[in-house]
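K.L.:
The structure that follows is given in the form of structure tokens.
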Amino acid sequence: MLYQEKLIEEQISKYQVMKFLELKLDRAGLASVDIQRTPLVTRITLEVTNPARIIGKKGKLINELTEVIKKEFKIENPQISVIEVRNPSLEPRMVAKKASKYIEQGKKVRAVLHFVLREVMRAGALGAEIKASGKIGAKGAKAKRLRVMAGYIPTAGEPARLVRVAHLNANTKSGVIGVLVRIVPPGTVFPDKENIQVVLPKVIEAASEVTEGREPRRPPTAEEKEAAEKARNAPPRRRH
């Protein structure tokens, strides 16, 4: 029983450290956190897009981070190593963050999912799946789910462990929209699949670009132009 309690405490501690690092290092482009305990040390591997932002001058920032983890989470001898992410489009957390950002800017959710999925597959992924769940649409709309996928994505059994997964939330005016990303990175070998042929669906291949900022305003129709012209030429109303 004592062993089981210790095992549970270790898993809770790992989760707390991971959540702390995700919040602390978000601006450094944190992609993933891997924590491995050994009898002598606790190895913490961080994959980020901007290692210099974590390491700091002469390793000052990473030393400060190590001390905080040691004191706040009671972890003895933590050792942090930083790895640079070479392709953010293959990191589920980075992809989910990008999709969430576009959704928060007011982009159409389906267009965002198609565009982001195309980027992932063009980066060399063998398979990818992106889901958005929540109040998608105008304020007051019912909750629903959108799902797009391409390539090979195992959903059960041992092969499913090879899929990289991340989940983030997009906070919109109509409510919270959860974004789930699952990616099979290039070079992944499955015992039940020898050659994986990746063919992008036409709707994904033809996805339009999504850019920063709000959606551009729709050009006025002929009726709207006529109504606006009449409003400008109308005589001013007299006040009683």
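K.L.:
Take the Cβ-Cβ distance between residue 174 and residue 206 as r, set R0 to 30 Å, and report the resulting FRET efficiency rounded to the nearest 0.05. Let's see the in-between values first.
P.N.:
Values: r = 27 Å, r/R0 = 0.91.
The calculated FRET efficiency here is 0.65.
K.L.:
Another question, if that's okay. Using Cα pairs closer than 8 Å and at least 6 residues apart in sequence, work out the relative contact order for the stretch 2-84, in percent. Display every interim value, and only then the final one.
P.N.:
Numbers: 96 pairs, mean separation 23.4, N = 83.
Relative contact order, the stretch 2-84: 28 percent.
K.L.:
Calculate, for residue 195 and residue 71, the FRET efficiency according to 1/(1 + (r/R0)^6) with r their C-beta to C-beta distance and R0 45 Å; round to the nearest 0.05.
P.N.:
On the way: r = 51 Å, r/R0 = 1.14.
With a Förster radius of 45 Å, E is 0.30.
K.L.:
Report, in whole Å, the centroid distance computed from the Cα atoms of the stretch 181-196 and the stretch 104-165.
P.N.:
17
K.L.:
How large is ³J(HN,Hα), in whole Hz, for each residue of the stretch 41-46 in order, when computed from phi with the Karplus curve 6.51 cos²θ - 1.76 cosθ + 1.60 and θ = phi - 60°, using x for Gly and Pro?
P.N.:
9, 10, 8, 10, 9, 10
K.L.:
So, one more: Express the relative contact order of the stretch 88-205 as a whole percentage, based on alpha carbon pairs under 8 Å and six or more residues apart in sequence. List each step's numbers first, then the result.
P.N.:
On the way: 230 pairs, mean separation 38.2, N = 118.
Relative contact order for the stretch 88-205 comes out at 32 percent.
K.L.:
From the backbone phi of the stretch 18-35, what are the Karplus-calculated ³J(HN,Hα) couplings (6.51 cos²θ - 1.76 cosθ + 1.60, θ = phi - 60°) in whole Hz, Gly and Pro given as x?
P.N.:
Calculated HN-Hα couplings, in order: 5, 5, 4, 5, 4, 6, 6, 10, 4, 6, 7, x, 5, 9, 7, 10, 10, 10 Hz.
Every number in this text was worked out from the coordinates using simple rules, so none of it is lab data. Treat the numbers as computed from the prediction; the structure is a model and nothing was measured. Neighbour counts are summed over all protein chains in view; Cβ atoms, including those assigned to glycine, are modelled from backbone coordinates with ideal geometry.
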